[in-house]
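First comes the structure, then the notes that go with it.
The values are calculated or read from the model by the stated rules, or taken from the named source; none is laboratory data. In this text the structure is predicted, and so the values were computed from the model without any measurement. FYI the Cβ positions are ideal-geometry reconstructions off the backbone, even for glycines, and counts take in every protein chain you see.
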């Protein structure tokens, strides 16, 4: 994994107040984390940094698309992605990222790298079950769907409601109390 220097925010030179940053995320970003679930990626991440005297607030929001394979048909499609993450950065004796919402960095630190936070935010924004929109509305025609429908269990119609006599004795257990 590379250090992602482009995601370093040098806060020591910034004035107090709000600052904005934008990042365009593509597949190379995810490949640097050795994550290969996406075929293509086009996501815009906007970061708002509010620097105060003793603490900093980071607000990250992302919007875009990732091209993934459908879990049912393996057909690729574009999945919309929208995510946000708020992070509070405090200063302390040593680095501590155990809390999901609060990051403690040493007093001597002069920059913060947000690549890991962006990566986690985006990966968690994609649904775990990926279903092509054409499967849901019935417009997708593929060989996989045709085969699934062909192998689907057939319903048997038994109009006279006869049951297997071997199971009738079990029904008596329900009525004998």
Residues 31, 63: which one is surrounded by 12 or more Cβ atoms within 10 Å (Cβ to Cβ), farther than 28 Å from residue 110 by Cβ and at pLDDT 95 or above? 63
As an exercise: evaluate residue 116 against (1) in contact with a strand residue (DSSP E or B) (Cβ under 9 Å, 6 or more places away or on another chain); (2) surrounded by fewer than 16 Cβ atoms within 10 Å (Cβ to Cβ); (3) within 16 Å of residue 26 (Cα to Cα) and give the number of the one condition it does not meet. (1)
Regarding residue 92, is this residue closer than 24 Å to residue 12 by Cβ and modelled with pLDDT of 80 or more? yes
I'd like to check something: does the stretch 157-164 contain any residue that is in a loop (DSSP other than H, G, I, E, B), more than 30 Å from residue 22 (Cβ to Cβ), touching a helix residue (DSSP H, G or I) at 6+ places or on another chain (Cβ under 9 Å) and at pLDDT below 85? yes
